[in-house]
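The next block holds one structure in the form of C-alpha cells; read it before the comments.
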Amino acid sequence: MKMDGFTIVRLIMLVIGTVLFLWFLIPALITFNPNIGALTGMGLSALVIVYGIWGEKINHLLRNGWNSTGGRIVEILLLFVCAVIIVLAAVTGAAMLKGGMGTPKPGATVIVLGARVYGNRVSRSMQSRLDAALVFLGENPDSVCIVSGGRGDNETVSEASVMYQYLVDHGIEKDRIYLEDRSTDTRENLRYSKEIIEREGLDPQIALATNDYHAYRAEKYAEQTGLQAETIMAPTLWWLFPTSVIREMYGILELWILGG
C-alpha cells in the first residue's frame, strides 16, 4: 500500500511518541513514585501519539475552527501557549547546560547533596553523586566531605547516614566526613552545610557533588547561601535523564520566579 507524505509523518510521530512515553514511564514504574517530570513527559508524549493516530481528523477540526471567530481565538491562544512552553524549555535547558562549567579548587570542601535512599541502600542518583565525590576525594587527600540529607517521608534513616556509610565502605576515612542530617531540600542542604563549615573551620571553597542536570540550580542556591561553589558533575542514568531534566526545568522556573 502506497502511503502519502502526511501518513508517513503520522507514523513517525506515532513511533516517536510511543518511545518517549515508555521512556518517561520507566522511572515511574521502577520507583513507584511518578514525579512532575515523568507526568509532564508522558502527557506531551501522549499528545504526539494522539496526533499520530488521528492527525487527519485533528487537522480537519483545526481548519474548520479557523473559519469562525471563536475558533480562531482559541487556536491563536493555543499557539501562544505552545510558543511560551517552547521558549521556557529552551531557556531553562540553556541554563542547565551552563551549570557546572567551572572546575572545583583542589582541596575544596565537598558537599554531596542528598537524594532518595531505600532503607540503608543508596538510590542510583545518590550513588552517582557519591562515586563522583569519591573520585575528587581520592585526588584531593586534604579535602573533607559533608554528606547532606535528612530523613524523607518515605525513608527510615537519614540520607546523610547512608551516604556516610557508603563513603566509609569505599575507603574514605571517617574523620574526613561530616554529617548534615536535618535538611529536606537543596537550599537546606547548603544552609546547614554552611553552618558546619563555619563551626568546624573548613575550607569555604565548595565542590558540590550533584547530577549534571542539577548543577545550575545547585550553584545558584549556593550563591544565595553565601558559598563559593563549583560542581563535581555526576552523570545521570539514561532512563532517568528525560524525567529528571523536565522536573529540573520546573525547579529552575521556581528559582527565577520565586527566588527558590
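For segment 162-178, residues that are among the basic types (Lys, Arg) and loosely packed, with under 15 Cβ neighbours inside 10 Å total 1.
Number of residues in segment 120-144 that are without any contact (Cβ under 8 Å) to a residue 60 or more places away in the chain and either closer than 13 Å to Tyr166 by Cα or basic (Lys, Arg) (or both) equals 7. Selection of first residues in segment 153-175 that are in the same structural domain as Pro141 (by TED's automatic domain parsing) and closer than 17 Å to Asn189 by Cβ and of second residues that are surrounded by 21 or more Cβ atoms within 10 Å (Cβ to Cβ) and of a type in the set (S, T, N, Q), restricted to Cβ pairs under 7 Å at least 6 apart or on distinct chains, gives the following pairs, ordered by first then second residue: Ala160/Ser148. Mind listing whichever residues of segment 179-188 are closer than 20 Å to Glu219 by Cα, crowded, with 17+ Cβ neighbours inside 10 Å and of a type in the set (Asp, Glu)? Those that are closer than 20 Å to Glu219 by Cα, crowded, with 17+ Cβ neighbours inside 10 Å and of a type in the set (Asp, Glu): Glu180, Glu188. Checking every residue in segment 221-236 against the condition of being in a helix (DSSP H, G or I), touching a His at 6+ places or on another chain (Cβ under 8 Å) and of a type in the set (D, E, K, R) gives zero matches.
When Glu198 is tested against the conditions (1) buried (at least 20 other Cβ atoms within 10 Å of the Cβ); (2) assigned to a helix (DSSP H, G or I), the lone failure is (1).
Checked against (1) of a type in the set (Asp, Glu); (2) in contact with a strand residue (DSSP E or B) (Cβ under 6 Å, 6 or more places away or on another chain); (3) surrounded by fewer than 17 Cβ atoms within 10 Å (Cβ to Cβ), Glu159 meets all criteria but (3).
The values are calculated or read from the model by the stated rules, or taken from the named source; none is laboratory data. Keep in mind the model is a prediction, meaning the values are calculated, not measured. All Cβ positions, glycine included, derive from the backbone under ideal geometry; neighbour counts span all protein chains shown.
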